[in-house]
Amino acid sequence: MAHDEKHNIIVELTDVSKSYGKLQTPVEAVREVSFVVRRGERVALLGKSGSGKSTLLNMIAGLDRPTNGRICVAGKLLSELSPAAIADYRRENVGMIYQAYNLVPWRTALQNVELPMIFARRGKAERVEVARTALTTVGLAKRMGHRPSELSGGEQQRVAIARALINSPELLLADEPTGNLDSSTAEEILESLRRFTDDSQTATLLVTHDEELAYRFSTRVLHMQDGRLGS
Ligand code: ADP
Ligand code: MG
């Protein structure tokens, strides 16, 4: 493989499997999945509920470990990282957004976006400045002092996007990010994910059960069925 091509690979999965439970019949949530994602790609992982999409995404996010196989992201082989190094990886290399936004309810929009920078031990003045800029970029300049309960679903998801991108990750992982939104708000959110991926030349992996959305959003669709990747 040419050096340049290798450099452009952000995610590489090799024969990744995950089973749950040590009973006689464990659940095989993910079975021998292999694929690569390159810089600038928007990849949709499409499959029905229960097909293993979230399990796969959580392993790539470093939240869970495969039973078998290798996951390499941004040059890091996740299975070889210590818990502390996994924490660094999660803070520095990946951003994650969820269907349920997962904002901290008692923190304002600004304070939510500041959070990853607190973990990264950046100073207060810098944090506030960077968080303000990020929230302005996602169109929330006038909502920075609001708590999540005072924001619409679309606004909460934009806060979550700003938070996910604040440490400039190489990879953005999105698990059904528009599942709770009406179609026009969903399209705005997808457009901002598209713009981010294309402008920053990072990669986005989006999980969905919605075929139309998968094709509209992505540059490539991976189909998942019963834990396996098909076509
Ligand atoms: P999807 O995101 O595509 O809906 P999931 O990855 O959530 O699918 O689940 C895949 C399969 O693994 C399902 O059969 C689910 O019940 C099972 N599963 C997921 N998480 C766990 C867990 N923590 N313990 C046991 N089984 C699980
Ligand atoms: Mg899921």
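The values are calculated or read from the model by the stated rules, or taken from the named source; none is laboratory data. Computed from a predicted model, the values in this text were never measured in an experiment. Because the Cβ atoms are built from the backbone with ideal geometry, glycine has one as well, and the counts that use them run over all protein chains shown. With ligands, DNA and RNA removed, areas are computed over all heavy atoms of the protein, side chains included. Shrake-Rupley method; radii C 1.70, N 1.55, O 1.52, S 1.80 Å.
Go through region 123-152 and give me each residue that's in contact (Cβ under 8 Å) with a residue 40 or more places away in the chain, buried (at least 19 other Cβ atoms within 10 Å of the Cβ) and in a helix (DSSP H, G or I).
Residue satisfying the conditions is PRO148 alone.
From the list ALA120, ALA84, which residue is in the same structural domain as VAL16 (by TED's automatic domain parsing), aliphatic (A, V, I, L, M) and open to solvent by 30 Å² or more (accessible area, probe 1.4 Å)? Even if it seems obvious, please write down each step before you answer.
Details: ALA120 fails: in the same structural domain as VAL16 (by TED's automatic domain parsing).
Answer to the selection: ALA84.
Considering only residues of region 197-228 that are part of a helix (DSSP H, G or I) and open to solvent by 40 Å² or more (accessible area, probe 1.4 Å), which is farthest from ligand 1 (Cβ to nearest atom)?
Filtering region 197-228 for residues part of a helix (DSSP H, G or I) gives 197-200, 211-217.
Then drop every residue that is not open to solvent by 40 Å² or more (accessible area, probe 1.4 Å), which leaves 198-200, 211-212, 215-216.
Details: ASP198: 26, ASP199: 28, SER200: 26, GLU211: 14, GLU212: 17, TYR215: 18, ARG216: 20 Å.
Among those that are part of a helix (DSSP H, G or I) and open to solvent by 40 Å² or more (accessible area, probe 1.4 Å), it is ASP199.
When you go through GLN24, GLN111 one by one, which is the residue that is without any contact (Cβ under 8 Å) to a residue 40 or more places away in the chain, more than 14 Å from ligand 2 (Cβ to nearest atom), of a type in the set (S, T, N, Q) and surrounded by fewer than 16 Cβ atoms within 10 Å (Cβ to Cβ)?
GLN24
If I go through region 186-206 residue by residue, how many of them are within 15 Å of VAL94 (Cα to Cα) and touching a residue at least 60 places away in the same chain (Cβ under 8 Å)? Spell out the reasoning first.
Of region 186-206, the ones within 15 Å of VAL94 (Cα to Cα) are 193, 196-197, 200-206.
Within this subset, residues satisfying the condition of being touching a residue at least 60 places away in the same chain (Cβ under 8 Å) are 193, 197, 201-206.
Of the residues in that region, 8 qualify.
In region 65-80, which residue that is buried (at least 17 other Cβ atoms within 10 Å of the Cβ) and of a type outside the set (Gly, Ala, Ser) is farthest from LYS18 (Cα to Cα)?
Looking at residues that are buried (at least 17 other Cβ atoms within 10 Å of the Cβ) and of a type outside the set (Gly, Ala, Ser), I get LYS76.
Considering only residues that are among the hydroxyl-bearing types (Ser, Thr, Tyr) and within 16 Å of ligand 2 (Cβ to nearest atom), which ones fall in region 52-73?
Restricting attention to region 52-73, the residues satisfying the condition of being among the hydroxyl-bearing types (Ser, Thr, Tyr) are 54-55, 67.
Matches in region 52-73: SER54, THR55.
Out of (1) within 16 Å of ligand 2 (Cβ to nearest atom); (2) touching a Phe, Trp or Tyr at 6+ places or on another chain (Cβ under 7 Å), what's the single condition that is false for LYS76?
Of everything listed in (1) within 16 Å of ligand 2 (Cβ to nearest atom); (2) touching a Phe, Trp or Tyr at 6+ places or on another chain (Cβ under 7 Å), LYS76 misses just condition (1).
Only one of (1) within 25 Å of VAL73 (Cβ to Cβ); (2) among the aliphatic types (A, V, I, L, M); (3) surrounded by fewer than 20 Cβ atoms within 10 Å (Cβ to Cβ) fails for LEU193. Which number is that?
(3)
Determine, yes or no, whether SER34 is within 18 Å of HIS223 (Cα to Cα), more than 12 Å from ligand 1 (Cβ to nearest atom) and of a type in the set (Gly, Ala, Ser). Quick ask: steps written out before the conclusion?
Working: within 18 Å of HIS223 (Cα to Cα): yes; more than 12 Å from ligand 1 (Cβ to nearest atom): yes; of a type in the set (Gly, Ala, Ser): yes.
The answer is yes for SER34.
Would you mind telling me which numbered condition in (1) in contact (Cβ under 8 Å) with a residue 24 or more places away in the chain; (2) over 19 Å from HIS209 (Cα atoms) PRO83 fails?
(1)
Please specify each residue of region 37-81 satisfying the condition of being touching a helix residue (DSSP H, G or I) at 6+ places or on another chain (Cβ under 6 Å) and within 11 Å of ligand 1 (Cβ to nearest atom).
Within region 37-81, LEU45, LEU46, GLY47, ASP64 meet the criteria.
Hey, any hits in region 178-185 for a residue that's buried (at least 20 other Cβ atoms within 10 Å of the Cβ), part of a helix (DSSP H, G or I) and touching a residue at least 24 places away in the same chain (Cβ under 8 Å)?
No, that holds for no residue.
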